[in-house]
Amino acid sequence: MTLGLASLLVYIAICSMQTYAYGNYFTDYSIDINNSSVLSKNSDKNDPEVTPCPKASDILPCVCHFNQDHMYMDIDCSGVINDSDFARVFIQIIPFRRFRKLTIGPKVMVLSAGIFDDITFEQITEHGGTLEIVETLVLEPSINTLKEVDFSNNRLIEFPFSIMHQFEVLEVLHLQDNQYESVKDLHSPSVKDLSLGSDKMTDLPVFQANVLPALEVLSIVDSPIQNILPGSFSNLESLQQLTLTGLELFHIVSETFTEDECFTSLSLINSHIKQIDPNAIHFCPNMTVDVSNNDLILLDESTWKPLLEVYGSLDINGNPIWCDCSIAWLVQTSDFQARVIGQCNDGTDFADLTPDNFLDCRQ
């Protein structure tokens with residue numbers, strides 16, 4: 001028996017023991033290895049390239065890859081030219097119905113309910129395409145298998161946020177850089193990494209208590225959001241890393257981030273911020289804060305010294321900071337200076353400043 005055929009038998013054995021909500025991994029197709037209508041192969045059943053993938057010519061322009069070492073199939077549909085071309089692939093005979101990853105082509109605009117029949121995936125991605133609509137039930141066959149969805153940088157106006165709580169193994173949901181107007185009724189017991197953002201989303205989502213109990217990493221990007229209400233993230237009890245970038249925040253007022261929002265990392269990047277008030281951020285020990293690429297001109301002691309006193313660090317690169325006496329407090333404490341990255345508005349690196357530069361400043 002060849003290595004390829006032996007691997008396939010193991011694959012069949014593993015899959016045949018797995019039962020999901022939509023029935024056995026297999027359809028009613030025979031799994032007799034002598035049945036050439038089931039096995040995809042380059043020549044015959046003794047060929048080492050025998051795989052559980054569909055026949056290559058049936059699913060063109062999609063391509064199926066079988067990983068023999070780890071026993072999974074991926075299907076890449078990057079080459080499809082339109083929605084109907086994509087739909088045609090999944091009405092072909094596909095004996096083995098569980099794939100690890102589906103890559104959708106950039107020209108697919110609508111994922112219609114029922115298109116996948118009972119075929120399941122663990123990962124689905126279309127990044128940088130023209131996807132506009134994900135219908136409510138299209139992902140339902142993968143309700144017990146789907147772990148990762150990446151539809152970032154598309155044209156999404158419709159996505160089934162309200163049923164995400166049914167996908168209990170889903171951990172990664174990336175939907176930034178799209179065109180939906182809001183995010184409503186998003187609940188998930190399992191999502192750990194969430195990215196949102198749309199050029200039409202003007203308000204932060206409202207995160208009620210217990211709606212995202214496992215969420216550890218949250219990014220909200222490239223959206224015309226101007227306000228953060230105090231405590232907006234306080235119900236996200238597991239949140240460790242918060243990134244807000246490409247917003248229109250301008251002014252971060254006192255107590256925007258409260259003591260109930262204790263992050264290891266907070267990034268407020270490229271969001272037109274001109275002022276961050278004292279006590280705007282509750283600083284936790286060893287916290288990393290990134291406010292790079294904004295419009296800050298002052299490194300205010302009352303705002304930032306509390307961060308450095310709890311051994312936190314600050315990245316303030318890309319801001320036109322005045323390096324006058326208002327920054328003397330930083331340079332006169334070497335431990336503080338070592339944990340702040342940035343430059344003066346004349347290009348001088350903070351690391352090159354010395355106390356001698358500020359001899360004329362009064363304490």
- In the range 146-165, what count of residues is obtained for those that are under 20 Å from Phe99 (Cα atoms) and either assigned to a loop (DSSP other than H, G, I, E, B) or touching a helix residue (DSSP H, G or I) at 6+ places or on another chain (Cβ under 8 Å) (or both)? 3
- Query: What are the residues in the range 323-356 that are surrounded by 15 or more Cβ atoms within 10 Å (Cβ to Cβ), part of a helix (DSSP H, G or I) and not hydroxyl-bearing (Ser, Thr, Tyr), if any?
  - Reply: Ile327, Ala328, Trp329, Leu330, Val331, Phe336, Gln337, Phe350
- Message: Could you tell me how many of the residues in the range 57-74 are in contact with a Leu (Cβ under 9 Å, 6 or more places away or on another chain) and in a strand (DSSP E or B)?
- Response: 2
- Of the candidates Ser271, Ser267, the one satisfying the condition of being crowded, with 19+ Cβ neighbours inside 10 Å, at pLDDT 95 or above and assigned to a strand (DSSP E or B) is Ser267
- Note on the structure: A careful count of residues in the range 335-350 that are touching a residue at least 40 places away in the same chain (Cβ under 8 Å) and either farther than 11 Å from Asp315 by Cα or of a type in the set (Gly, Ala, Ser) (or both) gives 2
- Query: Which ones in the range 302-311 are within 34 Å of the chain's Cα centre (by Cα), surrounded by fewer than 18 Cβ atoms within 10 Å (Cβ to Cβ) and not in a loop (DSSP other than H, G, I, E, B)?
  - Reply: Lys305, Pro306, Glu309
- Note on the structure: Of (1) within 27 Å of Met201 (Cα to Cα); (2) among the charged types (D, E, K, R); (3) touching a residue at least 60 places away in the same chain (Cβ under 8 Å), Arg97 satisfies every one except (1)
- Task: Output the qualifying pairs, or none if there are none: Cβ atoms under 7 angstrom, residues six or more apart or on different chains, first residue in the range 60-83 and on the phi > 0 side of the Ramachandran plot, second residue of a type in the set (Phe, Trp, Tyr).
- Result: Met71/Tyr11
- Query: If you check Leu314 against the conditions, is it free of Cβ contacts under 8 Å to residues at least 40 places away in the same chain, under 24 Å from Ser234 (Cβ atoms), of a type in the set (A, V, I, L, M, F, W, C) and surrounded by 15 or more Cβ atoms within 10 Å (Cβ to Cβ)?
  - Reply: yes
- Query: Of all residues in the range 149-170, which are surrounded by fewer than 18 Cβ atoms within 10 Å (Cβ to Cβ) and within 16 Å of the chain's Cα centre (by Cα)?
  - Reply: Val169
- Note on the structure: Across the range 122-145, the tally of residues that are assigned to a helix (DSSP H, G or I) and in contact (Cβ under 8 Å) with a residue 40 or more places away in the chain stands at 1
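The values are calculated or read from the model by the stated rules, or taken from the named source; none is laboratory data. Predicted model only: the values in this text are computed from it and were never measured. Virtual Cβ from ideal backbone geometry, glycine too; neighbours counted across all protein chains shown.
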